[in-house]
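Rule-based calculations on the coordinates, nothing more; no lab input. Fair warning: this is a prediction, and the values are worked out from it, not measured in the lab. Note that each Cβ is placed from the backbone with ideal geometry, even for glycine, and that neighbours are counted across all protein chains shown.
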Number of protein chains: 2
Amino acid sequence: MTISIAHLGPPGTYAEQAAVFYANWLVKKTGIEGILCPYPSIAQSLQAVASGQTQLAVVPVENSIEGSVTMTMDTLWQLDSLRIQLALVMPIAHTLISCATSLDKIKTVYSHPQALAQCQQWLEMFLPTVQLIPTNSTTEPLQHLENDITVGAIASSRAAQLYNLPILANGINDYPENCTRFWVVSEGEVEANYRMSSISPSHTSLAFSTPANVPGALLKPLQVFAQLGINLSRIESRPTKRSLGEYLFFVDLETDRSSVQMKSALADLSIHTEILKIFGAYNVLPISKDLI
Amino acid sequence: MTISIAHLGPPGTYAEQAAVFYANWLVKKTGIEGILCPYPSIAQSLQAVASGQTQLAVVPVENSIEGSVTMTMDTLWQLDSLRIQLALVMPIAHTLISCATSLDKIKTVYSHPQALAQCQQWLEMFLPTVQLIPTNSTTEPLQHLENDITVGAIASSRAAQLYNLPILANGINDYPENCTRFWVVSEGEVEANYRMSSISPSHTSLAFSTPANVPGALLKPLQVFAQLGINLSRIESRPTKRSLGEYLFFVDLETDRSSVQMKSALADLSIHTEILKIFGAYNVLPISKDLI
């Protein structure tokens, strides 16, 4: 049996790396083989699942340095039938890939804006005069690298291997503790195979809008969680896109959706929120450095 | 007398447009003439003020569709001597600038990632097959547009005028109520000239980290504001960059820093926060459509 998994492409992106890890985990656990399907954007990866083109998607949610991936959150709110099955936490180590023989030859560095931002201090120190050009993914510029010794690209060492390109500098991220959290997402509820089915979920993610912009409007939903002893591991605001100053709140909670506290919280929450969307309950699978 | 104002360049960006509006307001009010200084990034605009290269900077804070400008928040936290003097709210109307005679000739569209995201649905409907290329600013690609009829760029109609380029489609943003909030920022406290000095500030902005990741850690600071009847007009989390799951919170409050409630809130807040940074108190100046 096989299962199709959408991710941000082209091959060699960190999203593909996370998808490969997930596919390896899945085949070991269940014998189900994952078939990777690259898409040109994160939104299109999620739309692929919603429209039934693929069965799962692996999408980045937040990075420990650069924060939330807003496209993932906005698309999840829009396509509200999607459900999170599993979270993956992957360490990120950036490399500078280039055919140049030394750093002083490089005039231009290409990469995804998140990767450029995560190597900002290194770039300022070692390549202060180069032009930084944002791209749609870390691997997109790699196909143009071979014929030009004045350019470099920031991507993973795995991407350098895949495209058969030399690494000029290793571990160039400003913070060594750089990691990205991904979600494995399906359309609606799916069979337990695709998740850690033996233990009950440790996290629940949801989003809500508040009924009015008055003092304490956000406080009430947060009070519900605090009074029931539920820890928020993340809260993130996003614009409703209706007018400036109106927000949605995305929260990750350290509890199972079907726990007694959470059931009680959801009942109370419906009173203090305008729209409430629950994206699912799931476990977190850390990806160790030697596996990637 | 003159005053230097840093902003994201090259000329023709929305940040420059906001800076021009501010300079016009300032000269009318005080006779002080603003000299605009374009910088290649938002971070460099703010660093210019911190290092004394310019006296002020005008930087985007959030857009009603795409949300927070994280680079502004991260740089303000880092350079904590900067103070907000004024907020500007500017309506945003994107145009497609191109030398092509019709949409079907266009193969590639360049713009800043925020602008591309704000026109996502329009692009999917009218240019579903074009390649979208992110750039460092909306105006950066305009200098290469003249000789190629297969490319387009998304920027303001003012940018088209400045670069003497034709507009192929007007008002292409997905949401008509698109606007961006900017902050006018100085190094430390400055004389009242640069702000709306006749009325007391309507907003105070601050950021804090919480002492421990336990249920209710964020609730306590929010309770302080709610109990004193202070409305939060925005709350935004950013990673501390120490480890995944540790956050700073940026809040905008609808009160003057020196109000009785706010003084009381600040005293209470110091108990429930780890690091607390106050970015200043200021008024909001709306920019009407016919002025830009």
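Determine the alpha carbon to alpha carbon distance for each of B:Lys28/B:Lys289; A:Lys263/B:Lys277; B:Lys220/B:Lys241; A:Lys220/A:Lys277 and list only those over 28 Å.
A:Lys263/B:Lys277
What is the magnitude of the charge dipole of chain A about its Cα centre, with +1 placed on the Cβ of each Lys and Arg, -1 on the Cβ of each Asp and Glu, and no other charges, expressed in debye to the nearest 20? Walk me through the intermediate numbers first.
Numbers: 17 positive and 24 negative charges, 66 e Å.
So the magnitude is around 320 debye.
Please arrange B:Ser45, A:Ser209, A:Ser258, A:Ser64 by how many other C-beta atoms lie within 10 Å of their C-beta, fewest to most.
A:Ser258, A:Ser209, A:Ser64, B:Ser45
Helix-only mean residue ellipticity at 222 nm, chain A, DSSP H runs n ≥ 4 weighted -39,500 (n - 2.57), per residue, nearest 500. What is it?
Calculated at 222 nm, the ellipticity per residue is -7500 deg cm²/dmol.
Please report, for the Cα atoms of the protein assembly as shown, the Rg to one decimal and the Dmax as a whole number; what are they, in angstrom?
Cα-based Rg and Dmax for the protein assembly as shown come out at 23.9, 76 Å.
Would you pull out the residues with amide H under 5 Å of A:Leu86's amide H, same chain only if 5 or more places away, H placed 1.01 Å from N?
A:Val184
Is region A:75-229 rounded, prolate or oblate when judged by the Cα gyration tensor, a ≥ b ≥ c being the square roots of its eigenvalues, rounded requiring a/c under 1.5 and prolate requiring a/b larger than b/c?
prolate
Give me the Debye-computed log₁₀ of I(q)/I(0) at q = 0.14, 0.18, 0.19, 0.28 Å⁻¹ for region A:95-169, equal point scatterers on Cα only, no solvent, two decimals.
-0.34, -0.59, -0.66, -1.54
How many nm is it between the label spots at A:Val190 and B:Val27, if each spot is 7 Å from the Cα in line with the beta carbon?
6.1
Please list, in chain and number order, the residues 5+ apart from B:Ser4 or on another chain whose amide H is under 5 Å from its amide H, with Hs placed from the backbone.
The answer is B:Ile35, B:Gln55, B:Leu56.
Grab the beta carbon distance between B:Lys105 and B:Met1, set R0 = 51 Å, and tell me the FRET efficiency rounded to 0.05.
With R0 = 51 Å, the Cβ-Cβ based efficiency is 0.55.
Mind checking Rg over Rh on region B:181-235, alpha carbons, Kirkwood formula for Rh?
1.07
Using every alpha carbon pair in region A:203-280, what percent of pairs falls into each 10 Å bin from 0 up to the bin containing the largest distance?
Percent of Cα pairs in each bin: 19, 57, 21, 3.
Could you go through region B:114-120 in sequence order and give the Karplus-derived ³J(HN,Hα) for each residue, using 6.51 cos²θ - 1.76 cosθ + 1.60 with θ = phi - 60°, rounded to whole Hz, and x for Gly and Pro?
For region B:114-120, the Karplus-derived couplings read 4, 5, 4, 5, 6, 10, 3 Hz, x marking Gly and Pro.
Starting from the alpha-carbon convex hull of region A:133-185, give the projected area averaged over all orientations, in nm².
5.0
Once you have the alpha carbon radius of gyration of region B:32-132, what is it after dividing by 2.2 N^0.38 Å, with N set to its residue count? Please list the in-between numbers first.
Numbers: Rg = 17.4 Å, N = 101, 2.2 N^0.38 = 12.7 Å.
Its radius of gyration relative to the 2.2 N^0.38 Å reference: 1.37.
Which residues among region B:65-81 fall inside the zone where the amide N is under 16 Å from a point 7 Å beyond the Cα of A:Tyr175, along Cα→Cβ?
Output list for this probe position: B:70-79.
If R0 is 22 Å, what FRET efficiency do you get for B:Thr150 and B:Met125 from their C-beta distance, rounded to 0.05?
0.65
Among B:Pro128, B:Ala160, B:Ser68, which residue has its Cα furthest toward the positive end of the charge dipole of chain B, with +1 on Lys/Arg Cβ and -1 on Asp/Glu Cβ?
Of B:Pro128, B:Ala160, B:Ser68, it is B:Ser68.
Provide the percentage of antiparallel DSSP beta bridges, counting only those with both residues in the protein assembly as shown; round to the nearest 5.
In the protein assembly as shown, DSSP labels about 70 percent of beta bridges as antiparallel.
Considering only DSSP beta bridges where both residues belong to chain B, give the percentage that are antiparallel (nearest 5).
Taking every DSSP beta bridge with both residues in chain B, the antiparallel ones total about 70 percent.
Which cross-chain or sequence-distant (5 or more) residues have an amide H under 5 Å from the amide H of A:Arg234, H modelled 1.01 Å from N in plane?
Long-range HN contacts for A:Arg234: A:Asp252.
If the elastic network links every pair of Cα atoms under 10 Å, which of B:Val260, B:Val69, B:Val184 fluctuates the most in the Gaussian network model of chain B?
Answer for the Gaussian network model of chain B: B:Val260.
Give the Rg (one decimal place) followed by the Dmax (whole number) of chain B, computed from C-alpha coordinates and expressed in Å.
20.5, 63
What is the local net charge at A:Met1, summed over the other residues whose Cβ is closer than 12 Å to its Cβ (Lys, Arg +1; Asp, Glu -1)?
Its environment carries a net charge of -2.
Tell me which trypsin sites (Lys or Arg not before Pro) from region B:162-237 have a DSSP coil assignment and no more than 14 other beta carbons within 10 Å of their own.
none
Nothing charged except the Cβ atoms of Lys and Arg (+1) and of Asp and Glu (-1): what's the magnitude of the dipole of the protein assembly as shown about its Cα centre? Round to the nearest 20 debye.
500
In nm, to one decimal, how far is the modelled label at B:Ser258 from the one at A:Ile275, with both set 7 Å along Cα→Cβ?
4.3
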